[in-house]
Amino acid sequence: MKEDALRNEPEKKSHFFIVIAVTAALEGILFGYDTGVISGAILFIKKEFNFSAQMNGFVVSSVLIGAFFGAIFSGRLSDHLGRKRLLIIDAVLFGVGSIISALDPEVWTLIGARVLVGIAIGISSYVAPLYISEISPKKYWGALVSLNQLAIVTGIFLSYLIDYFFALHDQWRWMLAVGVIPALFLFIGMLFLPYSLLWIASKGERQKALSILKKIRGKGVKVEREMAQIEKSMLHQKGIWKTLFSSPIRKSLLIGMGLTIIQQVTGINTIIYYAPTIFEMAGFQTSHVAILATMGIGGVNLLFTVIALPLIDLWGRKPLLFIGLIGMCLGLLGLAYTFHYHHQSTTSQWISMAGMILYIACFAASLGPIAWLLIAEVYPLKVRELGCSVTTGTNWAANWLVTFTFLTLVQFLGASFTFFLYFLIGIVSIFFIYFIVPETTGVSLEDIEENLMAGKSPRHLGRK
Ligand code: BGC
């Protein structure tokens, strides 16, 4: 990613910056909407098609298979087609996938449509942040990474609202179809955004890049210096696989991979995709009530993301990660306890609700935004693109593993033991954060890279 295109230019915001931020938000909303929506829809789908636990898990996780492939191939595609064109195609994939889901499909067509939507999610999860970082001033970059997480949780919350509305009419197909609306806005928005500066410059079109830069930064801002820095950063761009595994860069890989895997294997998406199913297991009588309770979960997720974002720089990444993980572990312990000792009683409903709220609030304030932020910070410039692409792909693969196996684990080991398992993983994760993850608050990307190259241990990469 272009990282050192920094400027000492007069402070002027062009209207383009707002368009960029809104389009970025649409990408995140689609990511959140299209992953969260299945939670309510699956209650109806499993009844209509009479699914086993394995088939249920497969349908819910099919979107993640697409997302994995979308993420790992999007690096190549975005170099070839350009970020802008790829994101326009991406909006079409989102739209087509959503429409096919609404056309009264058979089960395999439905799975195919969900894989298609998944490919679109995977592409946007990698290309959208890349594109945004390449056309926005560096000082907004961290804020835009956080904006992305805020947009994801907003998308999840909207999907729960829509699920509730259509659940009242027993129409799961419409839940999936509504995804076409943000896709349409994204398509239109992308038509008006410029090509990525780095990409267009890398194709040898310096003049075009320069005129785009002038347009983005607004009238009267001198952009020659920034242009020179973009060209300089182009020289660093092409990281190769061997470099990623070489010393000392594999320390960044260890931190990035560790965080991305922890974010998933502590079970977040068992709640995001299966909350209504868990509420039914806990004894909530109808699908509508279970989806209504899920809306509460979505609201808490959104609320605590908003609360946490300013705290990330104020309190630091590691303190928030510790508090968050401890709270998540307590929530998981509560769920394990209630499924062991209370069977489908009012008590189990309340304890499961409280456990899930504690868990989701703590995730939203810690691993949700901070994992993505740290991942974007720890790779040195020359392998940042490759590192982020591999890490994003791994995030989807780990997500798939947890989502696909959740119901089968519940069937064979019981809900209590399954949540206890995530609890144990949470405890191990606390040690990983303590011993391996650096505190990077207030430290520049250049300093982190310098520490890495000087051979400091992963934990000490954030020293000034
Ligand atoms: C994770 C997603 C998760 C979402 C929940 C994101 O940071 O990557 O897997 O569904 O947070 O809010």
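The values are calculated or read from the model by the stated rules, or taken from the named source; none is laboratory data. No experiment lies behind these values; they were computed from the predicted model shown. Every residue, glycine as well, gets a Cβ built from its backbone with ideal geometry; the counts of neighbours run over all protein chains shown.
Does any residue of the range 205-226 turn out to be at pLDDT 80 or above, closer than 26 Å to THR392 by Cβ and among the basic types (Lys, Arg)?
The answer is no, given that none of the residues of the range 205-226 is at pLDDT 80 or above, closer than 26 Å to THR392 by Cβ and among the basic types (Lys, Arg).
Identify all residues within the range 14-46 that are of a type in the set (Val, Ile, Thr), closer than 19 Å to ALA143 by Cα and either surrounded by fewer than 23 Cβ atoms within 10 Å (Cβ to Cβ) or more than 16 Å from the ligand (Cβ to nearest atom) (or both); write none if there are none.
Of everything in the range 14-46, those that are of a type in the set (Val, Ile, Thr), closer than 19 Å to ALA143 by Cα and either surrounded by fewer than 23 Cβ atoms within 10 Å (Cβ to Cβ) or more than 16 Å from the ligand (Cβ to nearest atom) (or both) turn out to be ILE18, VAL19, ILE20, VAL22, THR23.
Taking the range 47-77 as the search range and keeping residues that are aromatic (Phe, Trp, Tyr) and over 22 Å from ALA398 (Cβ atoms), which one is surrounded by the fewest Cβ atoms within 10 Å (Cβ to Cβ)? Quick ask: steps written out before the conclusion?
The initial filter retains those residues of the range 47-77 that are aromatic (Phe, Trp, Tyr), namely 49, 51, 58, 68-69, 73.
Filter again for over 22 Å from ALA398 (Cβ atoms), leaving 49, 51.
Working: PHE49: 13, PHE51: 18.
For the range 47-77, the residue satisfying everything is PHE49.
Only one of these is among the hydroxyl-bearing types (Ser, Thr, Tyr), in contact (Cβ under 8 Å) with a residue 60 or more places away in the chain, assigned to a helix (DSSP H, G or I) and over 22 Å from SER74 (Cα atoms): SER125, SER159, SER146. Name it.
Answer to the check: SER159.
Can you find even one residue in the range 331-343 that is without any contact (Cβ under 8 Å) to a residue 60 or more places away in the chain, within 16 Å of the ligand (Cβ to nearest atom) and buried (at least 17 other Cβ atoms within 10 Å of the Cβ)?
yes
If a residue has to be of a type outside the set (Val, Ile, Thr) and in contact (Cβ under 8 Å) with a residue 40 or more places away in the chain to count, how many in the range 447-464 make the cut?
Number of matching residues: 7.
Anything in the range 98-157 that is of a type in the set (Ser, Thr, Tyr) and within 13 Å of the ligand (Cβ to nearest atom)? List them, or say none.
Of everything in the range 98-157, those that are of a type in the set (Ser, Thr, Tyr) and within 13 Å of the ligand (Cβ to nearest atom) turn out to be SER124, SER125, TYR126, SER146, THR154.
Looking only at the range 193-219, filter to residues that are closer than 20 Å to VAL19 by Cα and of a type in the set (Gly, Ala, Ser); which one of those is farthest from the chain's Cα centre (by Cα)?
Ranking the qualifying residues of the range 193-219, first place goes to SER211.
Restricting to the range 271-285, and then to whatever is aromatic (Phe, Trp, Tyr) and more than 13 Å from VAL37 (Cα to Cα), can you tell me which residue is farthest from the ligand (Cβ to nearest atom)?
Residue satisfying both the conditions and the ranking: PHE284.
When you go through ARG317, ARG225 one by one, which is the residue that is among the basic types (Lys, Arg), within 16 Å of the ligand (Cβ to nearest atom) and in contact (Cβ under 8 Å) with a residue 60 or more places away in the chain?
After ruling out the rest, the residue left standing is ARG317.
Within the range 420-456, which residues are at pLDDT 95 or above and hydroxyl-bearing (Ser, Thr, Tyr)?
Across the range 420-456, the qualifying residues are TYR422, SER429, TYR434.
Does ALA398 qualify as being aliphatic (A, V, I, L, M) and in contact (Cβ under 8 Å) with a residue 60 or more places away in the chain?
yes
If you take just the helices (runs of 4 or more DSSP H) that sit entirely in the range 354-464, which of them hold at least 1 residues that are more than 20 Å from THR266 (Cβ to Cβ) and within 16 Å of the ligand (Cβ to nearest atom)?
Result: 367-378, 384-413.
If I filter the range 293-304 for residues that are in contact with a Pro (Cβ under 9 Å, 6 or more places away or on another chain), away from the ligand (no atom under 14 Å from the Cβ) and assigned to a helix (DSSP H, G or I), do I get at least one hit?
Yes, there is a match, as at least one residue in the range 293-304 is in contact with a Pro (Cβ under 9 Å, 6 or more places away or on another chain), away from the ligand (no atom under 14 Å from the Cβ) and assigned to a helix (DSSP H, G or I).
What residue, among those in the range 78-130 that are β-branched (Val, Ile, Thr) and crowded, with 23+ Cβ neighbours inside 10 Å, is nearest to the chain's Cα centre (by Cα)? Walk me through how you get there before you give the answer.
Narrowing the range 78-130 to residues β-branched (Val, Ile, Thr): 88-89, 92, 96, 99-100, 107, 109, 111, 115, 117, 119, 121, 123, 127.
So of that shortlist, the ones also crowded, with 23+ Cβ neighbours inside 10 Å come out as 117, 119, 121, 123, 127.
Details: VAL117: 15, ILE119: 14, ILE121: 9, ILE123: 12, VAL127: 12 Å.
Ranking the qualifying residues of the range 78-130, first place goes to ILE121.
In this structure, is GLY267 within 16 Å of the ligand (Cβ to nearest atom) and on the phi > 0 side of the Ramachandran plot?
yes
Is it the case that THR347 is more than 14 Å from the ligand (Cβ to nearest atom), surrounded by fewer than 23 Cβ atoms within 10 Å (Cβ to Cβ) and closer than 22 Å to ASN56 by Cβ?
Considered against the rule, which asks whether it is more than 14 Å from the ligand (Cβ to nearest atom), surrounded by fewer than 23 Cβ atoms within 10 Å (Cβ to Cβ) and closer than 22 Å to ASN56 by Cβ, THR347 comes out as no.
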